[in-house]
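The values are calculated or read from the model by the stated rules, or taken from the named source; none is laboratory data. All figures in this text were calculated on a predicted structure; none of them were measured in a lab. Here the Cβ is made from the backbone with ideal geometry for all residues, glycine too, and neighbour counts use every protein chain on show. For the accessible areas, the whole protein counts, side chains as well, though only heavy atoms, and no ligand, DNA or RNA atoms are used. Shrake-Rupley method; radii C 1.70, N 1.55, O 1.52, S 1.80 Å.
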Amino acid sequence: MRTPRHFWKTSAVVAAGLSGALVLQAVTGQDSPGSAAGGAPGPVSSKAETTALQVSGDGTTASLGKRDTAPFSMLGVTWSDPAARVGGTVEVRTRAAGTGNWSRWLTLDGDSGQGENGAARGGTEPAWVGPSDGVEVRVDGKDAAPLPQGLRLDMVDPGSGEVTALEPAAYTVDETGTPEPTPTEPAPGTPTDPGTGTAPQPDVTVTGTPASETPATPTPAEPTDPEPPVAEPSDSATSPPTASPSPSVSVPAAPPSTAPRPPVTSRATWGADESISPEEPSYLPGERIKAVVVHHTAESNDYTCAQGPAVVRGIYAYHVKQLGWKDLGYNFLVDKCGTVYEGRKGGVDRPVMGAHAYGFNSETTGISVLGTYTSTAPSTAAMTSVARVAAWKLGQYGVSPTGTATLTAGDSGRSYTGRTWAKGDRLTLPAIHGHRDGYNTQCPGDAFYNKLATVRTWAGGPVSGLTLKSVTGGGSSGTTAYTKAGITVNWSATTPAALVAKYELLVDGKAVTTTAGTATSAKATLTAGTHQVAVRAVHQSGTTTTTAAATVVAETTAPTFTTKPNLSLRTGTVNTAAVPLTLKWKATDGAALKEVRLTAPTAKTYGPTVTGANHTARSGAATTWSLTARDQAGNTAGASVAGTPVILQESSATRSGAWTTKSSTSYLGGKSYSSSAKNASLSWTFTGRSVAWVVSRAATSGQAHIYVDGTKAATVDLKSATTKYRDAIWTKTWSSSARHTIKIVVVGTSGRPAVTTDGIVYLK
């Protein structure tokens, strides 16, 4: 068991009592070149304030009343015996700095479930509360075992990275020097100043035993092997700079991985003050990682992405300076924006022994996501980074992220669901599992735990949720797409792009285009014919998934108009500006007709089965009607027809019998002819291919015979329940234009003999 080392960075007076070197930086009003904020990466100092809790006489409750404090952003409740735990409820609330606003009560996880040989104190998980200047604590252990002794509140200011004049930047300890004095802690129940708590202690960790207690002997977290022989560290060339282990420890090799290494923010970059944890790192006894344990830090999710490094520094300071661990417990940390931070030093690509999973540290690596995920699932960015780190680390040792691992328990234990085991038992767990699987803790929270299956799939593959969304380049009919040649295929997947090695566009089973894993579409050119098109996703693990194939027809044959466009007059109300007519056509295609578009004199689009449409045209004006047939592949064919509607008014007719003239603005030209005389007639001669007789109608209107070129064609009844003017009541159309004569003859219908006519309209 190692003896934990604790370091204070206070003043030159304290430093003078130790054998070492105190490094000062005299910089005022600007970031130092070595600061972690604004300049190059460098160590950032943290400060701590501790205040003993007031314990009740029966030892079942404890509290700390509302009080002002020095600025802090992270806190935790700790106690003297590192092997003890708080069985009750630990709650804190804080006052946002400078606002006077108090937070809701925050419940702290009463036992971190982690383990570090030589730890000085036990404690809750630390909680990030943001910049604060006031605090209140309550601990209720009435329904559990008595509270552990030496309860106190630890508040950490992780620092900003800004260095002021003559602030100590680092302190190097000579192990042969005189050990630093150990501050003592108030005995349980000793009151503190109710106004402010204990005085702020810059970079101070109180690790001594309360005067009234017998020092507790820390219980080893799990067995460890003897120190390995000396070797020089050799991190991979791509690794960011990390603290070099002492030459007294053998550094294992960094094996290559089957998965790519994700970006990792080094300790130097997030501002780790290496002076507070100078001990050399330890490595897994078997130099092999068998599983990844996923954690959350059980703190607020309200931190910003820019605060991520400060949160990590706060956890680091809490673990090392408040609990007496030799280093940060987790191997990796991930913030909600997906940034990955190097945790415990020793080389991110080495099998570093962490202190994150009691009883199973010697065979696992730990990844903790900053925040609490009991009811809110972690962000996709955070889950993606956890999956990437897990895949990379397990890939170094040939472990499938979707498989299982058999771990040997370093001590007896119990899981969150009640599973128990004895020391030395072999437990089979998922290769990526939650902390609760190996310890009685809620970590990593219900919402996160329920997402671990997704994390495993993302890490191990294959790509999930792969769907071919569309094939564009032409149109589609049913499940078949059409194109002249070029296509764009669009797809989606639920596996994050960072875990996808590539996508391949398959045509008839062969890859014709390869894209990056970030792509969601690809282009290809097809030869004429029918093809099967699919997308294959290649996960970073090499596993593949292929979509269902889509049928795509490539063809370049244009549609045809099997019936050329033609015009005919139709019944309806006639105006000089709007003569009713019908445009007809029929288009076909060898593959699939998509539509027929009318492009002039107006724009309309018709479906592939439509063969006609009603329109109007101005009388006396020649109009060309242009159509374009388009198939699903985009091939087109055009056709047109021209026509001029002509109005022949009643006055241009040849009359027989008695007819009278009627005047009204409702008539064409303001006048019409009316007759009630049997056999009275009007006739018009014209040259055209379609004709319509235009009349006025009422309830008293009679009947008329219609003759075409001397032959009776119809008898038409003009009677109407409502009065109508300029009504094209009868039409006739021929296949071609020719000279014709239309004659109307009054029938003399009994009781309603009158026939009133405006004339005719013909189409030339």
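A few comments on the model shown:
- Residues of the range 712-751 with amide N under 18 Å of a point placed 7 Å along Cα→Cβ from Asn575: 724-729
- Rolling a 1.4 Å probe over the heavy atoms of the protein chains gives the range 325-438 an accessible area of 26 Å² per residue.
- Gain in span if fully extended, Ser375 to Thr543, counting 0.36 nm per residue against the direct Cα distance: 57.2 nm
- Dividing the Cα radius of gyration of the range 587-684 by 2.2 N^0.38 Å, with N the residue count, gives 1.72.
- Within the same chain, lysines fewer than 8 places from Lys469 are excluded, and of the rest, those with a Cα less than 16 Å from its Cα are Lys523.
- Scaled radius of gyration (Cα, divided by 2.2 N^0.38 Å) that the range 245-351 gives: 1.10
- An oblate overall shape is assigned to the range 334-381, the ratio a/c of its alpha-carbon gyration tensor axes (a ≥ b ≥ c) being 1.5 or greater and a/b not exceeding b/c.
- Rolling a 1.4 Å probe over the heavy atoms of the protein chains gives the range 554-635 an accessible area of 45 Å² per residue.
- Mean Cβ count within 10 Å, highest first, over the residues of peptides 452-465, 481-494, 321-334: 321-334, 452-465, 481-494
- The range 745-764 versus the range 614-632: alpha-carbon centroid distance in Å: 31
- Computed lengthening from Val708 to Ser640, 0.36 nm per intervening residue step minus Cα-Cα distance: 21.6 nm
- Think of the range 519-611 as a dipole: +1 on every Lys or Arg Cβ, -1 on every Asp or Glu Cβ, centred on the Cα centre; then among Leu569, Thr527, Thr551, Leu569 lies furthest on the positive end.
- Packing-based order for 721-734, 259-272, using average beta carbon neighbours within 10 Å, highest first: 259-272, 721-734
- Modelled label reach - Thr715, point 7 Å along Cα→Cβ, the range 744-761 residues with backbone N closer than 20 Å: 744-757
- Rounded accessible area of Ser736 (nearest 10 Å², 1.4 Å probe): 70
- Dipole of the range 267-313 [Lys/Arg +1, Asp/Glu -1 at C-beta], most positive-end residue of Gln307, Pro278, His296: His296
- Annotation for Ala603 and Thr480: the two label points, set 7 Å from Cα along the Cα-Cβ direction, are 3.0 nm apart.
- Cβ-based net charge around Tyr397, under 13 Å, with every Lys or Arg adding one and every Asp or Glu removing one: +1
- Counting DSSP beta bridges with both ends in the range 313-432, the antiparallel % (nearest 5): 75
- Net charge contributed by nearby residues that have their C-beta within less than 13 Å of Asn301 (K/R +1, D/E -1): -2
- Cα shape, the range 350-496, gyration tensor, a/c 1.5 rule: prolate
- Sequence-distant lysines (8 or more away, or on other chains) whose Cα lies within less than 28 Å of Lys142: Lys66
- Each of the peptides 580-589, 358-367, 427-436 was scored by the mean count of other Cβ atoms within 10 Å over its residues; in descending order, highest first, they stand as 358-367, 427-436, 580-589.
- Set Lys584/Lys678; Lys484/Lys604; Lys290/Lys345; Lys290/Lys423; Lys586/Lys732 screened for pairs whose C-alpha atoms are more than 28 Å apart: Lys584/Lys678
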